[in-house]
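The structure appears right after this line, and notes come after that.
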Amino acid sequence: MSNKPEGRPDERVTLKARKVSFSWEGTPLHWVPGDPFATHTINVLHLLLPAGERWFVHVYRQVLPYIRDERLREDVIGFIGQEAMHSQAHDEVLPHLREQGLDPTPYTAQVDWFFEKLLGDRTLPPGRARRWWLMERVALIAAIEHYTAFLGDWVLNAEELDRRGADPTMLDLLRWHGAEEVEHRSVAFDLFTHLDGGYRRRVRTWATAFAALVFLWQRGTRFFMENDPTLTDGRASFKDFYVRGRRGTLPATGDLLRSVPRYLSRAYHPSREGSTEQAVAYLASSPAALAAEEGAS
Amino acid sequence: MTPKPLTAVAVAGAALLVRRALRRRIRVSPLWPMPALAEPVSGRPRSRALRLLVTARHEIAEGVVRLRLEGRDLPRWEPGAHLDLVLPSGLVRQYSLCGDPRDTSSYTVATRLVTDGRGGSREVHEQVREGMEVEVRGPRNRFPLVEAPSYVFVAGGIGITPILPMLRALPEGAEWRLLYAGRTRASMPFLEEVEKLGGENRGRVTVVEGRPGLDALLMNLPEGAAVYCCGPEGLMAAVQERVPHVRVERFAARTVRDGDPFEVELRRTGRVVTVAADSTVLAAVRAELPNTLYSCEQGFCGTCQQRVLAGEVEHRDELLTDAERDDSMLICVSRARSERLVLDM
């Protein structure tokens with residue numbers, strides 16, 4: 001039965017927003033030293049996530065009344081809290097980029113349009129049509145969360161970034177976020193299976209989400225490379241991405257492609273991707289999350 | 001069936017042409033063809049964490065330390081505003097800004113050591129030193145200076161800090177009076193400057209050692225006078241008793257469960273719940289509406305924000321902007337100042 005995800009080990013953690021705080025004064029524009037392309041490819045996260053995660057929260061608020069499982073309801077509420085914090089934390093990076101001469105507003109205004117209008121609440125008659133659009137978006141979020149968990153797992157293990165002296169504050173933001181994505185990676189998929197779980201819908205929304213992510217991401221990288229005030233001839237190409245994937249400063253193209261059939265497999269469950277243990281271990285040592293714990297006590 | 005060579009060439013040629021046209025189009029306007037949201041939302045955080053350098057630390061009165069925090073391009077502020085200071089232990093405390101609002105390279109705050117307090121002031125006095133970096137958020141203003149025909153200020157001790165920039169900002173010739181009370185003259189910060197601001201006009205500034213008599217000042221208020229008070233809880237209560245519309249600045253203990261009981265009406269649901277003195281609005285509401293969103297339960301994540309339709313809120317969160325506070329609250333920590341709140345739930 002699709003409602004009972006198999007292989008869900010007993011590693012349930014209570015999802016809670018952690019209070020984190022990052023100050024960006026000391027972070028250079030190219031925070032992966034000497035590698036603007038890798039820097040900007042990862043920077044695209046700051047463009048997509050504030051609007052995207054606000055949209056997740058917006059959709060899930062509407063979904064809550066449909067949930068009939070108390071444990072899942074708690075998880076979804078915890079998920080919403082964590083996503084709200086993520087969106088706030090990434091939002092704070094954008095003014096810092098602006099101060100360094102790289103104004104992201106032309107791009108983020110479009111991302112805002114994408115999530116608020118194109119994927120927003122449409123004027124639909126209540127009943128089947130409205131529910132269909134809601135379920136479609138729930139499935140889209142499940143597909144996107146497959147990739148956020150993939151990226152979270154990648155960044156937790158991206159030791160090459162440390163070796164190259166990447167900015168510690170930025171790495172902490174990415175790893176705190178990545179670890180929480182790994183921590184709550186099952187929620188979106190469990191919610192989708194609980195409410196609908198249709199295989200055709202899963203494939204359809206995966207294709208949409210994957211295409212949209214690739215489109216927005218390459219566009220964001222190009223935008224940053226072309227508008228970077230320190231680069232005279234900033235360009236972005238797929239080859240740049242492939243090379244850095246081999247090097248380990250960006251996700252490897254092969255890993256990215258291999259994650260596709262995993263999500264499309266009928267036996268897929270996110271609990272088999274990444275490791276909760278590693279995520280929780282990072283959160284226990286993250287400078288930002290640590291400061292949050294102390295502040296709370 | 002294999003395609004005819006001519007068709008293949010035509011298709012390939014058409015594809016090449018389309019690609020060239022697209023590339024040219026994108027070169028002209030790189031962000032073509034997506035529309036933008038008229039009023040962008042992203043990249044406008046409610047407040048940003050700033051790391052500022054402590055460049056001066058002076059004891060300006062008995063038990064009162066003034067800190068100068070330097071940074072670059074600091075956000076502007078208006079008299080009455082305060083700063084959230086994140087102390088080395090992670091504690092967050094609010095301090096009124098008492099420097100020059102036009103100075104965008106530094107903030108000035110002053111704090112009194114409260115030995116039996118909640119530990120914030122002790123930490124500032126014992127651990128914050130010159131050359132150290134501290135993290136701040138804000139500034140925020142919930143004690144703004146309004147336009148009025150005349151002003152009456154009542155300050156108790158360290159409560160002078162938000163009022164001082166107001167006195168400096170009032171236009172010359174404005175009608176104002178100040179009652180400044182403290183234990184002893186030596187323990188009252190900024191005394192000299194305050195007396196100088198009073199100028200030639202005798203009776204404008206009254207300095208009292210010990211408990212002040214309020215009746216003379218507050219019983220015959222001029223028509224339309226704006227009354228401001230900041231100081232110990234007892235002083236603010238006494239002023240509030242005589243002038244109910246007084247504006248007070250209160251740095252409430254940020255404990256979640258602590259206060260008076262009150263009622264919350266859930267307008268859309270049509271129900272009324274009671275919040276006990278040792279409970280929260282969130283707990284009371286969740287008993288009725290289990291789908292209510294919340295997460296951190298400490299007033300920083302913003303998940304539980306709700307619209308307030310009526311009633312006066314005592315905001316205890318660390319997140320909402322002044323504009324948001326006008327008509328919404330975080331129900332996990334904030335409480336009512338009036339007997340009843342009406343929420344849009």
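The values are calculated or read from the model by the stated rules, or taken from the named source; none is laboratory data. Since the model is a prediction, treat every value here as computed from it, not as a measurement. Here the Cβ positions follow ideal geometry from the backbone for every residue, glycine too, while neighbour counts run over all protein chains shown.
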Answer with yes or no whether B:ARG93 is more than 18 Å from B:ALA226 (Cβ to Cβ), outside the structural domain of B:GLY198 (by TED's automatic domain parsing) and free of Cβ contacts under 8 Å to residues at least 24 places away in the same chain.
-> no
Condition test on A:PRO95, is it in a helix (DSSP H, G or I) and surrounded by fewer than 18 Cβ atoms within 10 Å (Cβ to Cβ)?
-> yes
Just checking, which of B:ASP327, B:ASP317, B:ASP322, B:ASP344 is among the acidic types (Asp, Glu), surrounded by fewer than 19 Cβ atoms within 10 Å (Cβ to Cβ) and under 21 Å from B:ARG93 (Cβ atoms)?
-> B:ASP322
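Identify all residues within the stretch B:85-106 that are away from chain A (no Cβ under 13 Å) and outside any loop (DSSP other than H, G, I, E, B); write none if there are none.
If the condition is that a residue be away from chain A (no Cβ under 13 Å) and outside any loop (DSSP other than H, G, I, E, B), then B:GLN94, B:TYR95, B:SER96, B:LEU97, B:SER106 are the ones that fit.
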What pairs can you find where one residue is in the stretch A:205-219 and farther than 13 Å from A:LEU47 by Cβ, the other is at pLDDT 95 or above and hydrophobic (A, V, I, L, M, F, W, C), and their Cβ atoms are less than 6 Å apart, with a gap of 6+ or different chains?
-> A:THR205/A:ALA139; A:THR205/A:LEU140; A:THR205/A:ALA143; A:TRP206/A:ALA143; A:ALA209/A:LEU140; A:ALA209/A:ALA143; A:ALA209/A:ILE144
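Tell me, yes or no, whether the stretch A:98-112 has at least one residue that is β-branched (Val, Ile, Thr) and in contact with a Ser or Thr (Cβ under 6 Å, 6 or more places away or on another chain). Break it down stepwise before answering.
Initially, the stretch A:98-112 is screened for residues β-branched (Val, Ile, Thr), giving A:105, A:108, A:111.
With in contact with a Ser or Thr (Cβ under 6 Å, 6 or more places away or on another chain) added as a condition, the list becomes A:108.
Scanning the stretch A:98-112, I find at least one residue that is β-branched (Val, Ile, Thr) and in contact with a Ser or Thr (Cβ under 6 Å, 6 or more places away or on another chain), so the answer is yes.
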Being modelled with pLDDT under 95, more than 14 Å from every other protein chain (Cβ to nearest Cβ), outside any loop (DSSP other than H, G, I, E, B) and surrounded by 13 or more Cβ atoms within 10 Å (Cβ to Cβ), is that true of even one residue in the stretch A:195-203?
-> no
Could you tell me whether B:PRO222 is part of a loop (DSSP other than H, G, I, E, B) and buried (at least 19 other Cβ atoms within 10 Å of the Cβ)?
-> no
Find the residue count for the stretch B:39-79, including only residues that are more than 14 Å from chain A (Cβ to nearest Cβ), surrounded by fewer than 16 Cβ atoms within 10 Å (Cβ to Cβ) and among the basic types (Lys, Arg).
-> 1
(1) surrounded by fewer than 14 Cβ atoms within 10 Å (Cβ to Cβ); (2) over 15 Å from B:ALA110 (Cα atoms); (3) over 19 Å from the mean Cα position of the chain (by Cα): which one isn't true of B:VAL146, the others all being true?
-> (3)
Extreme residue, farthest from the other protein chains (Cβ to nearest Cβ), among residues of the stretch A:77-99 that are hydrophobic (A, V, I, L, M, F, W, C) and under 17 Å from B:GLN305 (Cα atoms) | A:PHE79
Note: among B:GLU130, B:GLU200, B:GLU195, just one is closer than 30 Å to B:PRO222 by Cβ and assigned to a loop (DSSP other than H, G, I, E, B), namely B:GLU200
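For the stretch A:157-169, state whether one or more residues are buried (at least 21 other Cβ atoms within 10 Å of the Cβ), away from chain B (no Cβ under 14 Å) and part of a helix (DSSP H, G or I). Working first, answer last.
The first filter runs over the stretch A:157-169 and keeps only residues buried (at least 21 other Cβ atoms within 10 Å of the Cβ), leaving A:158, A:161, A:166.
If we keep only those that are away from chain B (no Cβ under 14 Å) as well, we get A:158, A:161, A:166.
In the following step, the residues that additionally are part of a helix (DSSP H, G or I) were identified as A:161.
Yes - at least one qualifying residue is present in the stretch A:157-169.
Regarding A:ALA129, is this residue at pLDDT 95 or above and out of contact with any Gly (no Cβ under 7 Å at 6 or more places or on another chain)? If you could, list the steps in order and put the result at the bottom.
Working: at pLDDT 95 or above: no; out of contact with any Gly (no Cβ under 7 Å at 6 or more places or on another chain): yes.
It is false that A:ALA129 is at pLDDT 95 or above and out of contact with any Gly (no Cβ under 7 Å at 6 or more places or on another chain).
A quick yes/no check of all residues on (1) more than 11 Å from chain B (Cβ to nearest Cβ); (2) under 25 Å from B:LEU52 (Cα atoms); (3) buried (at least 20 other Cβ atoms within 10 Å of the Cβ); (4) touching a residue at least 24 places away in the same chain (Cβ under 8 Å):
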residue	(1), (2), (3), (4)
A:ARG18	no, yes, yes, yes
A:TRP24	no, yes, yes, yes
A:LEU47	no, no, yes, yes
A:ALA51	no, no, yes, yes
A:GLY101	yes, yes, no, yes
A:THR108	no, no, yes, yes
A:PHE114	no, no, yes, yes
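Applying the selection to the stretch B:182-192, what residues are within 20 Å of B:LEU214 (Cα to Cα) and part of a helix (DSSP H, G or I)?
Pass one, the stretch B:182-192, residues within 20 Å of B:LEU214 (Cα to Cα): B:182-185, B:188, B:191.
Within the stretch B:182-192, B:ARG185, B:LEU191 qualify.
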Just to be sure, is A:PRO261 more than 30 Å from B:GLU123 (Cβ to Cβ) and part of a loop (DSSP other than H, G, I, E, B)?
-> no
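Mind telling me which of the residues B:VAL246, B:VAL285, B:VAL281 ends up being in contact with a helix residue (DSSP H, G or I) (Cβ under 9 Å, 6 or more places away or on another chain) and either modelled with pLDDT of 85 or more or closer than 29 Å to B:LEU97 by Cβ (or both)?
Working: B:VAL285 fails: in contact with a helix residue (DSSP H, G or I) (Cβ under 9 Å, 6 or more places away or on another chain); B:VAL281 fails: in contact with a helix residue (DSSP H, G or I) (Cβ under 9 Å, 6 or more places away or on another chain).
Answer to the check: B:VAL246.
What number of residues within the stretch B:161-181 are more than 17 Å from the chain's Cα centre (by Cα) and not in a loop (DSSP other than H, G, I, E, B)? Give the steps one after another, and end with the answer.
Going residue by residue through the stretch B:161-181, those that are more than 17 Å from the chain's Cα centre (by Cα) are B:164, B:167-181.
Restricting the remaining residues to those that are not in a loop (DSSP other than H, G, I, E, B) gives B:164, B:167-169, B:175-181.
The qualifying residues number 11.
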Any chance you could count how many residues in the stretch A:229-258 are more than 12 Å from chain B (Cβ to nearest Cβ) and crowded, with 20+ Cβ neighbours inside 10 Å?
-> 5
Hits in the stretch B:225-236 - residues which are surrounded by fewer than 19 Cβ atoms within 10 Å (Cβ to Cβ) and in a helix (DSSP H, G or I) = B:GLU233, B:GLY234
